[in-house]
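*Asks:* Could you have a look at this structure, given as structure tokens, before my questions?
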Protein chains: 2
Amino acid sequence: MSASGSTSWSSAGGSAPRTVAEHAKAVASLLVATASEDVPLSEASGRVLARDLTSVVALPPFDNSAMDGYAVRAAEVAGASEASPVTLPVGADIPAGRTDVPTLEPGTAHRIMTGAPIPHGADAIVPVERTDAGTETVTISAAADAGAHVRHSGEDTAAGQVLLTAGTVLAAPQIGLAAACGSATLAVRRRPHVLVLSTGSELVAPGTPLEHGQIYESNGTMLAVAVREAGATAELLSFVPDDVDRFRAVLAEKAVAGVDLVLTSGGVSAGAYEVVKDALTGNGVEFGKVAMQPGGPQGAGRLRLDGAGVEDGVAVATLPGNPVSSLVSFEVFVRPALRAAMGHPSPERPVVSVRLDGALGSPAGRRQFRRGVLDARAGTVAEIGTAASHLIGALARADCLIDIPAEVERVEDGEPVDVWLLDA
Amino acid sequence: MSASGSTSWSSAGGSAPRTVAEHAKAVASLLVATASEDVPLSEASGRVLARDLTSVVALPPFDNSAMDGYAVRAAEVAGASEASPVTLPVGADIPAGRTDVPTLEPGTAHRIMTGAPIPHGADAIVPVERTDAGTETVTISAAADAGAHVRHSGEDTAAGQVLLTAGTVLAAPQIGLAAACGSATLAVRRRPHVLVLSTGSELVAPGTPLEHGQIYESNGTMLAVAVREAGATAELLSFVPDDVDRFRAVLAEKAVAGVDLVLTSGGVSAGAYEVVKDALTGNGVEFGKVAMQPGGPQGAGRLRLDGAGVEDGVAVATLPGNPVSSLVSFEVFVRPALRAAMGHPSPERPVVSVRLDGALGSPAGRRQFRRGVLDARAGTVAEIGTAASHLIGALARADCLIDIPAEVERVEDGEPVDVWLLDA
């Protein structure tokens, strides 16, 4: 039992630390897969497609011209050349968007624009550059193969074809495709909603003066931003009542309104009168150690809120209070869980193996996540700052986490290490 | 002079095609560097820092305890051990946030929590685990070196130190650092505002039925999303008046209201009555060919709007109308220009060299951007779809562009090619 006085992992049979993988699984299990919701195309960027998208139209929807030019019967211009041009009367003008397309009579040509429908009877387009661009008659100085410059209906996408499969992350090209196929909305996975709680009597809002002994609140702001960057929505509650019953009432109210996860940082140490700890302990949330550094003290569970109308309670993850511990814990446990809950195909950060620039010691039995700066060109990573978990300045200048396995006690200069890319 | 009848590049001395680099430079030169604006921390994610951020406080702001335990004079516990513990009276309780910290009288200890200020007179912290956790007296069973478990003021960041340099892209760690240093807002580069125009009589809004000859509007929606993904803001005008004077009046109104770029797609072909072309030609916007595929026909310039109160006119880039041409042109010319205008340190897409899976022919004299699917593990890329510029289905399943230089006419299977990573 640690000095924190918290409930330890019951599933671990006492106070044995969990591995990173065990706690990651425990946090992920708190979040259920989010449901589908329809959003306008303009709001679909970055979202995960909830269902296969099937086209109701073919792409192109009709045979159309790939060029500005003249729609002809290929056989009728088969002998055309610069030396021996063919002249045809121009029957009609077919701009893009014309819906009443006249049949091409034998021995004539229609003037046609890019994207305009191929008239019945025509089987080739002569580009305007191979003609005299006439409007009454047109003189054609090159032959055209049957099918030349004709885009056939369905050659990109057939009607009924699956355009995009569920789980696709949507960006401009996918949204453009959906629009081209006539979808005004897309079914995407709902974003999990996260309530971020910031507590601590030493905390002062940025923008106000500090007294000796006070620090600026940063974890709540930082975690809310990180939640949104992960694709979820965040609500930051900086001032929660310091009465356990009122605190639980706030949580119950938020849970009923649809909170998928409550995220706290700090407030679960040995300090007396910690409202977060007091409200959570013994009510479904378990605390204990994870064999990692930074971020050893963790908690997770479903908080029972009897009588609140939230049958299964509300999912809670408690992160340690040091800023670096807090954000590293978020990266390791919460971000992948949130992204998995919304069906993201790559919930984890990209990991690459590079050579360590320098040497690092690492405590036995604890997986380390050190802050690094990658030199992608050289294929190396250097530590920035130290292992100390309060160095947020170094964290802010890092672009990756150096992941050192629990059993490794030293990595020598030039040895390979895995790094998690934070800005990808 | 092409068949499009448009003004050709005057700077190129006629109708000679521009290189991709020349046109990219022309488009980038239309956009001026955006100014600074202050935003709340919660809205700073993804933005580019406009000025160096200097801390007004040190981090930590004061010497504080790294552990829950007891603040002592190291010399007074120098002989402590399990066998020979030292017992001291406990003077005070110092939780985090206590601002009236009492001096440590010789021969006493103060109980102290993580993050609480070190009392005057103390020079070491004994962790609670090395004590009996007493509140009246405390029995200490381990010595402590001077400075043990003390975090010194400024050891992360000194007051007055530059925390983040101008040009930094902000994310959760940087925003957390700004909060920790007391900033409630951050000075970031303003997002360029882009007016996306969608015109074309063949276009129908998604969600409504198609007649033969009509297609769904997708370029405007797609480009507006792409603009936002690039970090700018977009306003989509799907229905612009088809009268040149009214069209120019709309542009003048938007320009006065603060449009940094007008982006059109299509509407500048040989088709008669093209309002975009008619409104732009001869008024500062030049049209011509760029030696690339897809995306050959391009236009750019500052549109003069005499009497509109917009002295320098409004920046315009006209993209071709085929969806693939349009988005590839955006990637090649517009996205880097927008990101450079807001000071982004990496305006370009990341480019990697991989081996081509398959062989590709490419027309001489035109730089090709083919759609590809990367196999990062194998270090290979395969083409998806063909060179045809209307295959938006293939574009939506691509994750990169294969960049084939203008002078290359064939790339053999296994040869290296550069690819632009679209989803990074």
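*Asks:* Suppose R0 equals 30 Å. What FRET efficiency, 1/(1 + (r/R0)^6) with r the Cβ-Cβ distance, do residue B:25 and residue A:346 give to the nearest 0.05? Don't skip to the end; give the middle numbers.
*Replies:* On the way: r = 35 Å, r/R0 = 1.18.
It comes to 0.25.
*Asks:* Follow-up. I need the phi-derived Karplus couplings for segment B:284-297: 6.51 cos²θ - 1.76 cosθ + 1.60, θ = phi - 60°, integer Hz, Gly and Pro marked x.
*Replies:* Ordered by residue, 3J(HN,Hα) equals x, 9, 10, 10, x, 9, 10, 6, 8, 8, x, x, x, x Hz.
*Asks:* Between copies, how far does the label point of residue B:418 sit from its twins, in nm, shortest first, when each point is 7 Å from Cα along Cα→Cβ?
*Replies:* Once sorted, the set of distances for residue B:418 reads 3.3 nm.
*Asks:* Hey, what's the Cα Rg ratio for segment B:64-151 versus the globular rule of thumb, 2.2 N^0.38 Å? Let's see the in-between values first.
*Replies:* Numbers: Rg = 11.2 Å, N = 88, 2.2 N^0.38 = 12.1 Å.
The value comes to 0.93.
*Asks:* Are there any chymotrypsin sites (Phe, Trp or Tyr not before Pro) in segment A:260-351 that are in a DSSP loop and have at most 15 other Cβ atoms within 10 Å? List them by number. The partial results should precede the final answer.
*Replies:* Values: sites: A:273, A:287, A:330, A:333; in loops: A:273.
Sparse-neighbourhood loop chymotrypsin sites (Phe, Trp or Tyr not before Pro): A:273.
*Asks:* May I ask for the Rg/Rh ratio of segment B:351-421, computed from Cα atoms with Rh as the Kirkwood radius, given to two decimals?
*Replies:* Working: Rg = 11.0 Å, Rh = 11.9 Å.
Taking Rg over the Kirkwood Rh, I get 0.93.
*Asks:* Under the rule of -39500 (n - 2.57) per DSSP H run of 4 or more residues, summed and divided by the residues of chain B, what mean residue ellipticity at 222 nm is obtained, to the nearest 500 deg cm²/dmol?
*Replies:* -4500 deg cm²/dmol
*Asks:* Can you list the residues, at least 5 places off or on another chain, whose amide H is less than 5 Å from the amide H of residue A:70, using H built in the peptide plane?
*Replies:* Under 5 Å from the amide H of residue A:70: A:112, A:126, A:128.
*Asks:* Please turn the phi angles of segment B:310-323 into ³J(HN,Hα) values with the Karplus equation 6.51 cos²θ - 1.76 cosθ + 1.60 (θ = phi - 60°), one per residue in order, whole Hz, x for glycine and proline.
*Replies:* 10, 4, 8, x, 10, 5, 10, 10, 10, 9, x, x, 5, x
*Asks:* Within straight cross-link reach of residue A:25, meaning Cα distance under 19 Å, which aspartates and glutamates are found once same-chain residues fewer than 8 apart are removed?
*Replies:* Leaving aside aspartates and glutamates fewer than 8 places away in the same chain, those within reach of residue A:25 are A:260, A:286, A:312, A:331, A:348, A:403.
*Asks:* Taking residue B:52 in one copy and the same position in all the others, each labelled 7 Å out along Cα→Cβ, what are the pairwise distances from the first, in nm, shortest first?
*Replies:* Reported distances to equivalent positions: 5.8 nm.
*Asks:* Counting Lys and Arg as +1 and Asp and Glu as -1, each charge on the Cβ, what is the dipole of segment A:64-151 about the Cα centre in debye, to the nearest 20?
*Replies:* Working: 5 positive and 11 negative charges, 37 e Å.
It comes to approximately 180 debye.
*Asks:* As I understand it, the dipole of segment B:128-210 uses +1 on the Cβ of Lys and Arg and -1 on the Cβ of Asp and Glu, about the Cα centre. Which of B:164, B:208, B:149 lies farthest toward its positive end?
*Replies:* The residue sitting most towards the positive pole is B:208.
*Asks:* While we're on this one: Can you give the average number of partner chain beta-carbon atoms within 10 Å of each beta-carbon in peptide B:219-229, as a whole number? The partial results should precede the final answer.
*Replies:* Details: counts 3, 2, 11, 11, 2, 5, 14, 6, 1, 5, 5.
Partner Cβ neighbours, averaged per residue: 6.
*Asks:* Once the label point is placed 7 Å from Cα along Cβ, list for residue A:253 the distances to the corresponding points in the other copies, in nm, shortest first.
*Replies:* 4.4
*Asks:* How large, in Å, is the protein assembly as shown by the Kirkwood hydrodynamic radius built from its alpha-carbon pairs? Provide the component values of the computation, followed by the final result.
*Replies:* On the way: mean 1/r = 0.0329 Å⁻¹.
It is 30.4 Å.
*Asks:* Which values of log₁₀ I(q)/I(0), to two decimal places, follow from the Debye formula for chain A at q = 0.07, 0.08, 0.13 Å⁻¹ with a uniform point scatterer at every Cα?
*Replies:* Rounded to two decimals, the profile gives -0.53, -0.62, -1.08.
Where a number appears in this text, it was derived from the coordinates with a stated rule and is not lab data. This one's a predicted model, so the numbers in the text were calculated from it and none came from an experiment. For neighbour counting, all protein chains shown are included, and Cβ atoms are generated from backbone atoms with ideal geometry for every residue, glycine included.
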